[in-house]
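One structure is given here, and the rest of the page talks about it.
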Amino acid sequence: MNDAALSPAPTVLVIVGGSIAAVKAPSVLRRLRERGALVRVIATGAALAFITELSLATAADGEVATDKTWFSPRPDAQHLTLARADATVIVGASADLLARVAGGHAGDLASATLLSVMGPVLWVPAMNERMWRHPAVQANAERLRAWGHTFLGPEEGAFGTRGEGRGVGRMAEPEDIAAAVLALLTPPAPRDLEGLHVVVSAGPTREYLDPVRFISNPSSGKMGFAVAQEARNRGARVTLVTGPVNLPNPLGVEVVRIETALELRDAILLASEQADLVVMTAAVADYRAAERAGEKQAKVAGDVTVLLTPNPDILAELGQNKGDRVLVGFAMETHAGVERAALKAQRKNADFILLNYPTREGTAFGGDDNEVTLVRPDGSHEAWPRLSKREVARRLLDEAARVRLSQNARPV
């Protein structure tokens with residue numbers, strides 16, 4: 001179990017709605033359990049047309065409640081027992097279920113439970129775009145929001161029905177659903193960055209050799225996106241400059257998309273002019289082609305030599321004009337990491353560096369966790385255990401806030 005597990009273990013009620021997206025429910029259940037939640041499951045009658053009870057029970061490691069179990073002899077009122085969950089999420093919520101709950105109907109287990117819940121409720125809709133945008137469905141969603149319920153999605157994507165193409169109505173991804181549920185269970189972040197401007201870089205850069213070939217790396221951008229969202233949650237105005245990644249924009253964050261290191265440099269320097277904190281998590285390519293071909297180069301027999309030229313050192317450039325801002329960098333080393341990271345912090349005038357270990361399983365590019373060491377210019381350092389990237393982001397901003405406070409406390 002990783003650090004994202006909550007203690008004591010919260011109970012999460014997962015209601016699986018009647019949508020083709022119900023087939024993704026086991027992934028949601030597994031991700032919640034991996035993070036320490038105790039899961040309980042209600043499957044609507046319509047959901048069981050898309051997925052079996054056995055699949056859900058296996059993923060939940062427990063029984064699945066249905067209308068059949070609700071009406072069977074039992075010592076408790078099942079809907080009231082299930083309603084005591086710390087949080088409830090409706091996965092693949094249909095227009096019908098939205099209407100039943102918004103209308104106060106209680107003729108089935110899912111609806112009766114949702115009228116009795118005691119904790120926060122998260123709806124994750126999945127339906128055709130025309131249905132989602134219908135005034136009746138929107139009115140029901142607004143009524144539920146007025147009751148304090150929250151919504152995740154629906155998102156834009158391809159529909160499962162032949163001939164429908166793409167549109168807004170696709171269910172959010174299981175990882176995002178699990179993160180949203182855990183956010184409901186997590187105490188509000190401190191507002192210690194209120195009024196500050198935080199600039200974050202994320203993702204890889206692409207250095208084109210010709211119009212179709214490029215040099216890059218497998219950075220997912222997850223670390224930078226986590227920092228951006230955490231900073232926004234703590235009250236900051238956030239600008240996120242990101243290379244090509246496959247992630248939804250963090251809520252409430254200004255996102256600037258770039259491809260090359262030169263584009264990243266220009267965007268970061270512009271955004272940082274009035275910044276209070278800059279966090280450079282982007283995996284910037286060290287080199288680019290000295291000359292980019294204007295046309296796709298034909299394949300030739302034998303070896304090919306490509307002349308590369310260094311990209312600008314963006315962190316060092318920020319350090320040269322640091323002013324009062326807090327500057328944080330990342331480093332990736334396979335040996336002598338702490339010494340190299342401390343030297344990097346000194347040379348580039350960074351307040352601290354987070355040192356990554358690319359060869360450690362599960363924490364390299366693309367993972368949801370990270371294992372880092374915080375290294376200061378004087379060589380002092382703190383090795384953090386394996387943590388979710390969200391928790392790494394929280395600790396990073398805690399340290400940045402301490403640095404800023406100490407700078408403000410220094411005599412002029």
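The values are calculated or read from the model by the stated rules, or taken from the named source; none is laboratory data. Just so it is clear, the model here is predicted, and its values are computed rather than measured. No Cβ is skipped: glycine too gets one built from the backbone with ideal geometry, and neighbour counts run over all protein chains shown.
If only residues of region 339-369 that are surrounded by fewer than 19 Cβ atoms within 10 Å (Cβ to Cβ) and hydrophobic (A, V, I, L, M, F, W, C) are counted, the one that is nearest to the chain's Cα centre (by Cα) is 365.
When residue 212 is tested against (1) within 26 Å of residue 122 (Cβ to Cβ); (2) β-branched (Val, Ile, Thr); (3) touching a Lys or Arg at 6+ places or on another chain (Cβ under 9 Å), exactly one condition is not met: (1). Among the residues of region 366-381, are any among the hydrophobic types (A, V, I, L, M, F, W, C) and either touching a Pro at 6+ places or on another chain (Cβ under 6 Å) or assigned to a loop (DSSP other than H, G, I, E, B) (or both)? No, the conditions are met nowhere in region 366-381. Considering only region 264-303, state which residues are at pLDDT 95 or above, surrounded by fewer than 21 Cβ atoms within 10 Å (Cβ to Cβ) and assigned to a loop (DSSP other than H, G, I, E, B). Hit for region 264-303 is 276, nothing else. Check region 388-401 and report whether any residue there is part of a loop (DSSP other than H, G, I, E, B) and either exposed (fewer than 15 other Cβ atoms within 10 Å of the Cβ) or free of Cβ contacts under 8 Å to residues at least 24 places away in the same chain (or both). Checked against the condition, which is being part of a loop (DSSP other than H, G, I, E, B) and either exposed (fewer than 15 other Cβ atoms within 10 Å of the Cβ) or free of Cβ contacts under 8 Å to residues at least 24 places away in the same chain (or both), region 388-401 yields no hits at all. Taken over region 88-143, the residue count meeting the criterion of being within 12 Å of residue 44 (Cβ to Cβ) and β-branched (Val, Ile, Thr) is 4. Here's a check for you: in region 6-37, which residue that is farther than 12 Å from residue 89 by Cβ and of a type in the set (D, E, K, R) is modelled with the lowest pLDDT? Once the filter is applied, the top-ranked residue is 35.
Entry remark, region 235-251: residues being surrounded by fewer than 23 Cβ atoms within 10 Å (Cβ to Cβ), under 19 Å from residue 285 (Cβ atoms) and not aliphatic (A, V, I, L, M) number 2 in total. For region 212-244, a residue qualifies if it is in contact (Cβ under 8 Å) with a residue 60 or more places away in the chain, farther than 21 Å from residue 259 by Cβ and assigned to a loop (DSSP other than H, G, I, E, B), and exactly one does: 234.
Is it true that residue 108 is under 27 Å from the mean Cα position of the chain (by Cα) and not small (Gly, Ala, Ser)?
Numbers: under 27 Å from the mean Cα position of the chain (by Cα): no; not small (Gly, Ala, Ser): yes.
Spelling it out, it is not the case that residue 108 is under 27 Å from the mean Cα position of the chain (by Cα) and not small (Gly, Ala, Ser).
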